[in-house]
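The values are calculated or read from the model by the stated rules, or taken from the named source; none is laboratory data. This is a predicted model, so every value here is computed, not measured. When we count neighbours, we look across all protein chains shown, and the Cβ atoms used for this are built from the backbone with ideal geometry, even at glycine. Calculation scope for accessible area: heavy atoms of the full protein, side chains included, ligands and nucleic acids excluded. Shrake-Rupley method; radii C 1.70, N 1.55, O 1.52, S 1.80 Å.
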Amino acid sequence: MMHLTYDLIRKGFLSVCPPTFLVCFFIDAPFGRFALSNESIFTLDGVKSWIIMEIPSPIVFCYALIHAPLLESDVPPLSGPQLLLAAFFLLHYANRALISPLRTPSRSRSHISVFFCGMCFNVLNGLMMGTYLRSGIAHAFLSDAFARPLFWGGAFIWLGGFLGNWLHDEVLLNIRRNAKAKGITKSGDGPDKKRGEHYAIPQGYLYKYISYPNYFCEWLEWFGFALAAAPLPPTTSLSAFAQHAQAPWVFIISEVFVMFPRAYKGHQWYHKKFPDYPKERKIIVPFII
C-alpha cells in the first residue's frame, strides 16, 4: 500500500501545476537565455549548478526503488518490465545530469532561486517515481507487460523521444562549439570579455517546424514512459483524474505545465532577437502550437 507521503507529493505536483503555468508567463526563470545580465553572489556557475541540481533525481529514484521507504507493506521483487523502465529513467538522467552538461562548451550562469526550485522538484519527483515503480500497483499493472503491444508502443515512443531530445540538444551544443571555435562569446559580438552566451537560429531536423523540438521530444519521452508504466487515469472529471493519476502521468503533466510557458517566451525572444527568424515555425508542436 502507498504511504500518505506519496499521495501528498503526487497531488501536490498536480495542485501547483496551474499556478506555476500562469506565473511562468509573467516571470522568466533566470537561467539560459533569460539569465540575469549582472553577476552576484546569487548567480551560480551554469554547468556545476545544473549537475548538482539534477543529480538528486536519479539518486533518490534509486533509493526509493531499492528501499521503498514510502511503501507500507512488503513489496514483491522487481520484475523485468520494472527494471527496464527504471533503466529508461536512469538513462535519461545520466544524459541530462552528467553527459550533456559535461559536453557543453559553456552555459549561462543560473540564479540561486532556479537551483533551489529545481533541486526540490528533482528530489520529490525522484522519490515519487521510484516509489511508484516499486509499488504493488506498478508490479500488478506490469505483470504481463512484455506481452502487451501498448507497453512496447510506449517504450518505442520513449526511445524516439530520447533520441530526438539528444539530437536537437546536439544542434544547440554545436552552435556553442562553433562560436567558441571562432572566438565569439556573445550573440552579435566578436571576441571580447563580456559575460554571456552566443545564440543563433538553430537549423535542421524538427527545427524546421518548431522552435523547441528538444522540449517536444522530452514530452514524447515521458508520455511514452507513462503509457508503458502506468494505467491510463480516468478523464471523466478533474477530481477523478487527480485521485487516480499515478506518478508517470503526474510527471508528464508537470513537465508540460512548466515547459510550455518557457517555450512560448523563448519563441518570442527568437523573433525579437533575429529579424529573419522563420515566421512559419510553431512553438513546440509541429503544425499545431
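Between Lys208 and Leu98, what's the calculated FRET efficiency when r is the beta-carbon distance and R0 is 22 Å? Round to 0.05.
0.15
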Original post:
If you average the sequence gap of Cα pairs under 8 Å that are 6 or more apart and divide by the length of the chain, what percent do you get for the contact order?
Top reply: 25 percent
**OP:** Whole number please: convex hull volume per residue, Cα atoms of the range 46-173, in Å³.
**Re:** 100 Å³
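Sum -39500 (n - 2.57) across every DSSP H segment of at least 4 residues in the chain, then divide by the residue count to get the 222 nm mean residue ellipticity, nearest 500.
Details: 11 runs with 173 residues, N = 289.
My calculation for the chain gives -20000 deg cm²/dmol from helical runs alone.
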Subject >> Candidates Pro248, Pro213, Pro278, ranked by Gaussian network fluctuation over the chain, Cα under 10 Å, top entry >> reply: Pro278
Subject >> Residues whose placed amide H lies under 5 Å from that of Leu44, excluding near-sequence neighbours >> reply: Ser110, His111, Ile112
Original post:
Gaussian network model of the chain, Cα springs within a sub-10 Å range: biggest mean-square fluctuation belongs to which of Trp269, Trp249, Trp166?
Top reply: Trp269
**OP:** Starting from the amide H of Ile210, placed 1.01 Å from N in the peptide plane, find each other amide H under 5 Å away whose residue is 5 or more places distant or on another chain.
**Re:** Lys282
Original post:
Picking from Val258, Val75, Val171, which is most flexible by a Gaussian network model of the chain using Cα springs under 10 Å?
Top reply: Val75
**OP:** Note down, for the range 131-289, the three equivalent ellipsoid semi-axes (square root of 5 times each alpha carbon gyration tensor eigenvalue), biggest first, whole angstrom.
**Re:** 38, 17, 14
**OP:** Just grab the label-to-label distance for Leu150 and Ile288, each label 7 Å out from Cα along the Cβ direction, in nm (one decimal).
**Re:** 2.0 nm
Original post:
Quick one: with all protein chains in place, what share of the accessible area of the range 34-107 is carbon or sulfur, to the nearest percent (1.4 Å probe)?
Top reply: 67 percent
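Expressed as cubic angstrom per residue, what is the convex hull volume of the alpha carbon set of the chain?
Numbers: hull volume 39.6 nm³, N = 289.
Looking at the chain, the number lands at 137 Å³ per residue.
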Original post:
Taking θ as phi - 60°, what are the ³J(HN,Hα) couplings along the range 83-100 by the Karplus curve (6.51, -1.76, 1.60), each to the nearest whole Hz, with x for Gly and Pro?
Top reply: 5, 5, 5, 4, 4, 4, 4, 5, 5, 4, 7, 4, 6, 5, 8, 10, 4, 5
Subject >> In Å, descending, principal axis extents of the Cα set of the range 20-79 >> reply: 52, 29, 20
**OP:** Just need the relative contact order of the range 65-154 here, percent rounded to a whole number, with Cα pairs under 8 Å and 6+ apart.
**Re:** 61 percent
**OP:** Hey, could you get me the Stokes-Einstein D for the range 1-110, Kirkwood radius over alpha-carbon pairs, 10 °C and 1.306 mPa s, rounded to whole µm² s⁻¹?
**Re:** 94 µm²/s
Original post:
In whole Hz, what ³J(HN,Hα) sequence does the range 224-236 give by Karplus (6.51, -1.76, 1.60; θ = phi - 60°), x for Gly and Pro?
Top reply: x, 4, 4, 4, 7, 9, 9, x, 5, x, x, 10, 5
Original post:
Which whole-Hz couplings ³J(HN,Hα) result when phi for each residue of the range 64-72 is put into the Karplus expression 6.51 cos²θ - 1.76 cosθ + 1.60, θ = phi - 60°, listed in order with x for Gly and Pro?
Top reply: 5, 5, 7, 9, 6, x, 9, 10, 8
**OP:** State, to one decimal in nm², a quarter of the convex hull surface area for the C-alpha atoms of the range 110-177, i.e. the direction-averaged projected area.
**Re:** 6.7 nm²
**OP:** With a point put 7 Å past each Cα toward its Cβ, work out how far Gln268 is from Phe241 in nm, to one decimal.
**Re:** 2.5 nm
